[in-house]
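One structure is given below, encoded as structure tokens.
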Amino acid sequence: MLREDGLLVQRFDKLLIANRGEIAMRILRGCHELGIKTVAVYSDADRNAPHVRFADEAYHIGAPPARESYLDIGKILDVARRSGAEAIHPGYGFLAEREEFAQACADAGIVFVGPPARAIGTMGDKQVARSTVKAAGVPVVPGTEPGLSDAEMMDAAQQMGFPVLVKAAAGGGGKGMRPVHKPEELADAFASARREAKAAFGDDTVYIEKMIQGARHIEIQLLADAYGNTIYLGERECSLQRRHQKLIEEAPSFIVDEDLRRRMGEVAVAAARAVNYVNAGTIEFLVDIDRNFYFLEMNTRLQVEHPVTELVTGVDIVQEQLRIARGRKLRLAQGDVKITGWAIECRINAEDPYNNYLPSTGVITSVQLPAGPGVRVDTGVFPGYEITPYYDSMISKLICYGETRGEVVLRMRRALEEYRIMGVKTNIPFHQHMMDSHRFMSGQFDTKFVEDRFSMDDREAPHVREAVLLAVLAAHEQSQRASQIVAPGERDTSNWKWYSRWERLRR
Ligand code: MV4
């Protein structure tokens, strides 16, 4: 079915994965489960990569630099034609949020497993995205509308009050963003933000937003089918980042209760509807200390941290993406979505937390992955794998699941302890340190925590560490028990329990 907006939705039996590493593996697994034949692509650096061996067919697409391989639209469409792939899944990064790639797929009669090109384009311009969702009733941070002169933006900044942020319209991920604390700094901030935006995106449009301080980054996962059904799969807490790289994500968020979840979820659905969104997507919010939330941007792709949502909802997000792209209706209604238990993801990167997170390259000589109850590892590396400077430094995602947050922290500590990687330095010590931090354990952190208030040098005293963990576990235990208290009318008044108690005592 070719929709009015050019989105192609149709049955397909062979799919090309325009990506590499752990996410290529994740998508391959989804295809294998649904009986979809798979086509991998690889650069010179990935000849021996597991995604190549795992796929039914694999095609070489060029030199290691992404520009010459994973970012080359012509080469990827050519492989689709040669292999007979009827669909393309872009994964994350690379071509996932390129409007022209989604359009090129549609023009070639290939199903793009993602949203319509137009939705990518609208959400890609932060200023257009803001005004589009604002018109749909979504709360946005106070900021300037498109098309203002510098003088008008300066006036607006005075109106909203300092501090403010100068942001690039084409931006995202913090590029071209400048904090401004007083009026005198504005002119310089405009100039340097424009310079950076021009170099990074070829577009030097900037605008101003009021700076929200001490906020958390919380995002809502959405699924939308091609028939107007859009649902939310709860939130992910993503505040633990460093230089706009997420390090730890969890679901649900410590600070989100059922009421806030419903309100954020409904707003996220409205934002997606405003751009006729189809497939999986994420709405990012800033949540301030008073739990006011503001739309930040939309990620029009499958995200790295999707597994924590899969674990607490039981929904296989990749399978759902494939079904939606095949033109199937959503199998779940909003009322079917239940959040059960807790999940935390640690991104294991080849970088040295004791040396300013310096990237570490080299050959992984041996790996011993953690396993056991409540542990999932998504990875694309193996012994003999070489970490090169060409791609990102993520080696794997270690995801733990349990009934309560306290239980997951214990499980994550155990799993991190089991994990062995030889040959390169990793940030496993960072995660171990974080799992011991009383701030993390008690859920007291914001987006500035890792950079401003966390250090590998100060270690929590063992008795503090244990006391806080026990308190966290006890608090959860308490909430569990409260729900198990039996109402008076339901009390078991038979005498059997006395016998069984007596038997227990006798043992
Ligand atoms: C903000 C903000 C505070 N106030 N906007 C960072 C990247 C881009 N996605 C938007 N970002 C921010 N925008 C206003 N009006 C703080 C950030 C921000 C941030 C956001 C999410 C996660 C981590 C962050 C780290 C620093 C700044």
Within segment 241-251, residues touching a strand residue (DSSP E or B) at 6+ places or on another chain (Cβ under 6 Å) and either among the aromatic types (Phe, Trp, Tyr) or more than 9 Å from the ligand (Cβ to nearest atom) (or both) come out as 247, 248, 249, 250, 251
Q | Condition met for residue 91 (buried (at least 20 other Cβ atoms within 10 Å of the Cβ), of a type outside the set (Ser, Thr, Tyr) and in a loop (DSSP other than H, G, I, E, B)) | A | yes
Here is a check on your reading of the model: is residue 439 within 18 Å of residue 247 (Cβ to Cβ), assigned to a helix (DSSP H, G or I), in contact with a helix residue (DSSP H, G or I) (Cβ under 7 Å, 6 or more places away or on another chain) and modelled with pLDDT of 50 or more?
yes
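Here are 367, 377: which of them is touching a Pro at 6+ places or on another chain (Cβ under 6 Å), in a strand (DSSP E or B) and surrounded by 13 or more Cβ atoms within 10 Å (Cβ to Cβ)? Reasoning before the result, please.
On the way: 377 fails: touching a Pro at 6+ places or on another chain (Cβ under 6 Å).
Result of the check over 367, 377: 367.
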Here the qualifying pairs (Cβ atoms under 8 Å; residues six or more apart or on different chains; first in segment 274-299 and on the phi > 0 side of the Ramachandran plot; second more than 12 Å from the ligand (Cβ to nearest atom) and among the aliphatic types (A, V, I, L, M)) come out as 276/119; 279/113; 279/223; 279/224; 279/324; 279/325; 291/255; 291/260
Condition set under 25 Å from the mean Cα position of the chain (by Cα), of a type outside the set (D, E, K, R) and away from the ligand (no atom under 16 Å from the Cβ), scope segment 187-226, selection farthest from residue 174 (Cα to Cα): answer is 226
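Scan segment 289-342 for residues that are within 16 Å of the ligand (Cβ to nearest atom), acidic (Asp, Glu) and surrounded by fewer than 16 Cβ atoms within 10 Å (Cβ to Cβ) and report the count.
To start, the set of residues in segment 289-342 that are within 16 Å of the ligand (Cβ to nearest atom) comprises 289-301, 303-305.
The next check asks that each one be acidic (Asp, Glu); those that pass are 290, 297, 305.
Of the ones still in play, those that are also surrounded by fewer than 16 Cβ atoms within 10 Å (Cβ to Cβ) are 290.
Matching residues across segment 289-342 total 1.
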Exception for residue 425 within (1) in a helix (DSSP H, G or I); (2) at pLDDT 95 or above; (3) not β-branched (Val, Ile, Thr) falls at (1)
Out of (1) at pLDDT 95 or above; (2) in a helix (DSSP H, G or I), the one residue 465 does not meet is (1)
When (1) within 15 Å of the ligand (Cβ to nearest atom); (2) out of contact with any Asp or Glu (no Cβ under 8 Å at 6 or more places or on another chain); (3) closer than 18 Å to residue 123 by Cβ are applied to residue 166, the one that fails is (3)
So, first residue of a type in the set (Lys, Arg) in segment 88-105, second residue buried (at least 18 other Cβ atoms within 10 Å of the Cβ), Cβ within less than 8 Å, six or more apart or across chains; the pairs are 98/120
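The values are calculated or read from the model by the stated rules, or taken from the named source; none is laboratory data. Since the model is a prediction, treat every value here as computed from it, not as a measurement. Cβ sites come from the backbone with ideal geometry, for glycine too, and all protein chains shown count toward neighbours.
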